[in-house]
1. Identify all residues within the stretch B:312-348 that are away from chain A (no Cβ under 14 Å) and open to solvent by 20 Å² or more (accessible area, probe 1.4 Å); write none if there are none.
2. Please specify each residue of the stretch B:67-88 satisfying the condition of being in contact with a Phe, Trp or Tyr (Cβ under 7 Å, 6 or more places away or on another chain) and charged (D, E, K, R).
3. Consider A:Thr374 carefully, then state whether it is of a type in the set (S, T, N, Q) and in contact with a Phe, Trp or Tyr (Cβ under 7 Å, 6 or more places away or on another chain).
4. Spot the failing condition for B:Asp76; the list is (1) surrounded by 19 or more Cβ atoms within 10 Å (Cβ to Cβ); (2) of a type in the set (Asp, Glu); (3) within 14 Å of chain A (Cβ to nearest Cβ); (4) more than 14 Å from ligand 2 (Cβ to nearest atom), and only one is missed.
5. Give B:Thr374, B:Thr422 a once-over and let me know the one that is more than 14 Å from the chain's Cα centre (by Cα) and β-branched (Val, Ile, Thr).
6. Scan the helices (runs of 4 or more DSSP H) fully inside the stretch B:469-568 and keep the ones with 2 or more residues being touching a helix residue (DSSP H, G or I) at 6+ places or on another chain (Cβ under 6 Å) and open to solvent by less than 20 Å² (accessible area, probe 1.4 Å).
7. Output the qualifying pairs, or none if there are none: Cβ atoms under 8 angstrom, residues six or more apart or on different chains, first residue in the stretch B:271-285 and aromatic (Phe, Trp, Tyr), second residue open to solvent by 60 Å² or more (accessible area, probe 1.4 Å) and more than 16 Å from ligand 1 (Cβ to nearest atom).
8. Which ones in the stretch A:147-173 are within 9 Å of chain B (Cβ to nearest Cβ) and either more than 17 Å from A:Asp346 (Cβ to Cβ) or away from ligand 2 (no atom under 16 Å from the Cβ) (or both)?
Protein chains: 2
Amino acid sequence: MSYITDTFDVIVVGAGHAGVEAALAAARLGGKTLLATLSLDNVALMPCNPSIGGPAKGHLVRELDALGGQMGISADLACIQMRLLNTGKGYAVHALRGQEDKPFYHTLMKKIVEDQENLELKQLMIDKLLVENGAVVGVEAETGEVFEAKCVILATGTYLRGRIVYGQVNYECGPNGLRSAQKLSASLLENGVELMRFKTGTPARIDARSLDYSKMEPQYGDEEVRNFSFISDIKTREQVPCYLTYTNEATHKIIRDNLHLSGMYNGMIEGVGPRYCPSIESKIVRFANKERHQLFIEPEGRSTNEMYVQGMSSSLPAHIQLQFMQTIPGLEHCKMMRAGYAIDYDCLDPLQLRPSLEHKAISGLFSAGQSNGTSGYEEAAAQGLMAGINAMMKINGREPLVLRRDEAYIGVLIDDLVTKGTSEPYRMMTSRAEYRLLLRQDNADLRLTEKGRAIGLVDDKRYGIFTEKRTALERTVSELGKQNISPSAENNAKLDAMGTAPLRSGSSLLDLLRRKEVTYSKLQQAFGLSELAPQVAEQAEIFAKYEGYITKQRQEVERFMKLENKRLPDDIDYRAIKELSSEAAEKLDKVRPANIGQASRISGVSPADISVLMIALELKRRKEQEE
Amino acid sequence: MSYITDTFDVIVVGAGHAGVEAALAAARLGGKTLLATLSLDNVALMPCNPSIGGPAKGHLVRELDALGGQMGISADLACIQMRLLNTGKGYAVHALRGQEDKPFYHTLMKKIVEDQENLELKQLMIDKLLVENGAVVGVEAETGEVFEAKCVILATGTYLRGRIVYGQVNYECGPNGLRSAQKLSASLLENGVELMRFKTGTPARIDARSLDYSKMEPQYGDEEVRNFSFISDIKTREQVPCYLTYTNEATHKIIRDNLHLSGMYNGMIEGVGPRYCPSIESKIVRFANKERHQLFIEPEGRSTNEMYVQGMSSSLPAHIQLQFMQTIPGLEHCKMMRAGYAIDYDCLDPLQLRPSLEHKAISGLFSAGQSNGTSGYEEAAAQGLMAGINAMMKINGREPLVLRRDEAYIGVLIDDLVTKGTSEPYRMMTSRAEYRLLLRQDNADLRLTEKGRAIGLVDDKRYGIFTEKRTALERTVSELGKQNISPSAENNAKLDAMGTAPLRSGSSLLDLLRRKEVTYSKLQQAFGLSELAPQVAEQAEIFAKYEGYITKQRQEVERFMKLENKRLPDDIDYRAIKELSSEAAEKLDKVRPANIGQASRISGVSPADISVLMIALELKRRKEQEE
Ligand SMILES: Cc1cc2nc3c(=O)[nH]c(=O)nc-3n(C[C@H](O)[C@H](O)[C@H](O)COP(=O)(O)OP(=O)(O)OC[C@H]3O[C@@H](n4cnc5c(N)ncnc54)[C@H](O)[C@@H]3O)c2cc1C
Ligand SMILES: Cc1cc2nc3c(=O)[nH]c(=O)nc-3n(C[C@H](O)[C@H](O)[C@H](O)COP(=O)(O)OP(=O)(O)OC[C@H]3O[C@@H](n4cnc5c(N)ncnc54)[C@H](O)[C@@H]3O)c2cc1C
């Protein structure tokens, strides 16, 4: 029997990283929101690596933060080690990575969710999606309780028909021995939602007391304290080290000899695994010539001795996992506290979604996170935020917020998903972004905070901090441009002291700053400039040094935008356009791209097909004008 | 396939309150110990009430602490409100009760276990008990891993073939949506272990933000800071209030009208539920005339808004639970975060156990906690401690530590279990103890710390604190006894100021202290006595005031001891003793009591049967002398 229990604007199914952001965004935008989870004890749980950020992923966190999301702030508070990666390379690939206290992150996020106005957090097994006349109307729980809503956001992660596999172990389960959702998939299928079967895995956790630290290389956090969030004000942080070690031939031999016992290779695992986060078995098979693989031993928090073995994900039997780990320097006597495992789960084919993350065929149904075929906490959180925003945009009759590929990694992520789909768990990488120079982690606020403000998610505090920074930056650049110095002996002596060439004719300070070896702080000391907040000085330097490249990239974006602005009507009949290749017609019909730009990114759609489309569009336009 | 993975002295199956104490005790006594749990995230989890202690239960905690157990220390650290209950009544029933921060208690205990030398904590599903020639040899996990051991302690709580039931919801599960152990029961049965099916339940958790506190009565913690542990040194504690409210006729009507939907009454629940912690449905049915039932609304911790509704355990459908809760003053608009539920599970019939908690038929197999048919964290912890100790006593070829009914509530608990058995979840209550005046919470250290020291569980720090206290107490009592005061006008004026009658003849200060209105601190001020630690002064007062009663109770104990010292040989053939009633012979054969005292407490064994037994024993003794 079922009973209508309550009515909401937005219901979010799942309180993982996607669901938490979705629910917070919807509630903060004024929507009466329900956040349902299988267990109140798994809110924002990290079932795998106790870390947030890294290349491209760190960018996602900063973008989400700039828009008014939560992950950055919480990751700053729960951080036990922060590093800026790739500092040897250009600014575009600098990436923040935080080692996180896993249990504390969960506790913190749960409390933030619990305290959020308009938001109700409930432990519920959602068994059914309720759809009427092509529009979502609510969900039904296993208790028979029906919760009505204008929009439903699926953020079910790896729990849909979840199945844990390693060695001979094989049972229906969510991550970490938690309940999985066995019935919701059937209800989605009934409503015409297309599902795929994916797989992911996690390594063993080992006892910190059982390691020989003298045989591994410690990795310390940065001395300079940095934060993900543009509004975090954390200035000191006690940090713990991670440890670097390597596999070797003995490790590889054990794995090779036992491959037939791995769920990955004996057919027990149905789902498609992640290419960029493979199991150790896959690495040994795919990179057979590689002599060693890097492993990081990472603490899971301050309150536990569990250590995560990054790089060692496996579905081999527990005793084999222990055996091969004990071949590794530092791990010779390691004790295994939890065995690694693989998990198989259902997720949505993201090609069914619009760029707003709304389902094309079911009005009001959104989906975000691992349930869209991605992997990773940051990917999940970023989609969750966008789904939460766009559910509220829909309810309020406003245009969805769709970020372009030149505006944000979030835009790249979602565009990739809804345009190209994915045949394996999708992971964000800097190489996926065309406009890396524009999409830096340091300028996420400059790119996105105005947008967050316009939709109502950026509060006065954040906006105040942001506008102050932006004003200071603009003033600084303008003043540096105006301040000319002459090639006097005195000035050239100062330049010499800075380690840069003397002037022959007058130059603005801004032009001086373009030189590699000149920093704002050097100029400041030499020419008595005013002191600046470090982020402002950094932005001014980046602006000066990269202006040329950035301008070039912006020109590319403009060309890109021309295609992006050519909208393709919803009702276009691709199969009727004879000149299209049949593969292109089929793919276009499935994806139903929003514009020519999106169409051009669909794999199987050639430049020739795009020309055909442009002509067809032009003919359509003329015909409509004549009518 | 199975593989021998490792070898231990003691394996503890289950890391609940029983398992944690068992493992810590075994490891601290030098045993190489494995602690296996279904999930590392449920170590010392409180699946129900976020509180420790209360009448009789608080006594258990102090006794366990006096012996060198852990619960008291951890409960002090995680406490968010402490009260000494029953202060209006005699010292014997004074009882400490701590409101606990549930997630923090788990985190703390997990770290203590992780840090314990000799102890290995592992996430493992144990599927099989391995027995050879009537003796336990180890366990096998679902992974195929075999762990060998000299002793195995079962502490499986409510997880054996656990099944959650409320309304239409009914699925195999442990508490809180965690995995249950579906296979171990069959292996126990195969090895001749007898199982019973019990049931327990938990109420809903509601959102702290949704309550109207003006309609409930706040319950604050005591101003005086007290601790469970004799070695805790916590002197200040920030406390949170609980809230008292009541059910009413409207609540009862909804429950009565929906009884047919309760798992308790529609046949969905097989297990026998706890008489002393009944569901609200049972209370409404069994106490039909009662106009209202008391409810306490208790915070689950500092880091969450979840509130526990004590007294409201239910297996009614979720929407009915919400409906009847909303009839309660203060809860009119409450939001339900988790629904209440009942859980059915397998446990051992404790009649199979010796007073050491070892199984009679399977050498080296111990069992402790909810798996012995008890309910409650403290009951579990107390048994766990004793099982851990006695496994190590066995391994070291020493006599088991068996506490007598006059020595400890722990003795009463275990004697009740192994002598009388239980047909419903057994809960400790002061009324179960015959010698309440001896078994006070304030003197648990005086009763037990020497024993803990003798077995090696009391470390130097605890023993130092203890002997210092004991010495001070003995010196104080002796000095008070020697110090005589005369009936001088000066002295009588002092007594008058104390509010007590004047002296007619000389009296010792000890005799004065026997008077109800005289306290040590009054004597101290009036007669310039030395300052004492508050616990010492309290003990001296209790000694003086209750000496008569205590002496009387000790005489009773001596009579009791006479029977308790008459040991019954293991090989006695009760069915051959014609003069016994057939019921007595059957029960005696099943329980196989260790002595006449234990035999006399078996229900169905009459005083006449005991006389018969004494005669049979005497005849046996004579016969053996003659041979
Ligand atoms: C074993 C494992 C290994 C992983 N390894 C990696 C890795 O190496 N690298 C990487 O980047 N990522 C990895 N991931 C992926 C990463 O954990 C996820 O991408 C991330 O947690 C996804 O967040 P999410 O919010 O989409 O889903 P989740 O965090 O999985 O949250 C899903 C939520 O949905 C809820 N839910 C599901 N169904 C229902 C229902 N019917 N009713 C109510 N609630 C429901 C659950 O209770 C949960 O709250 C791994 C995940 C797992 C499980
Ligand atoms: C829903 C509910 C309501 C309750 N209500 C009350 C109440 O109102 N009042 C009260 O006093 N008590 C109540 N209790 C009882 C109280 O919670 C328990 O008595 C107490 O937790 C028992 O402790 P334990 O150590 O015996 O078992 P648990 O705390 O249940 O721990 C059992 C442990 O065994 C492990 N385990 C089980 N099987 C295996 C296996 N095969 N392999 C490996 N590990 C295994 C589990 O992982 C777990 O760590 C309730 C319990 C539940 C679940």
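1. Correct list: B:Thr327, B:Pro329, B:Glu332.
2. B:Asp76 - this is the single residue of the stretch B:67-88 that is in contact with a Phe, Trp or Tyr (Cβ under 7 Å, 6 or more places away or on another chain) and charged (D, E, K, R).
3. Details: of a type in the set (S, T, N, Q): yes; in contact with a Phe, Trp or Tyr (Cβ under 7 Å, 6 or more places away or on another chain): yes.
Yes; evaluated as a whole, the condition is true for this residue.
4. B:Asp76 satisfies all of (1) surrounded by 19 or more Cβ atoms within 10 Å (Cβ to Cβ); (2) of a type in the set (Asp, Glu); (3) within 14 Å of chain A (Cβ to nearest Cβ); (4) more than 14 Å from ligand 2 (Cβ to nearest atom) except (3).
5. Sole residue among the options that is more than 14 Å from the chain's Cα centre (by Cα) and β-branched (Val, Ile, Thr): B:Thr422.
6. The qualifying helices (runs of 4 or more DSSP H) are B:509-513, B:520-527, B:534-565.
7. The qualifying pairs are B:Tyr276/B:Arg427.
8. A:Tyr166, A:Gly167, A:Gln168, A:Val169
The values are calculated or read from the model by the stated rules, or taken from the named source; none is laboratory data. Remember, predicted model here, so these are calculated numbers, not experimental data. Every residue, glycine among them, receives a Cβ derived from its backbone with ideal geometry; neighbour counts consider all protein chains shown. Please note that ligands, DNA and RNA were not included when accessible areas were found on the heavy atoms of the full protein model with its side chains. Shrake-Rupley method; radii C 1.70, N 1.55, O 1.52, S 1.80 Å.
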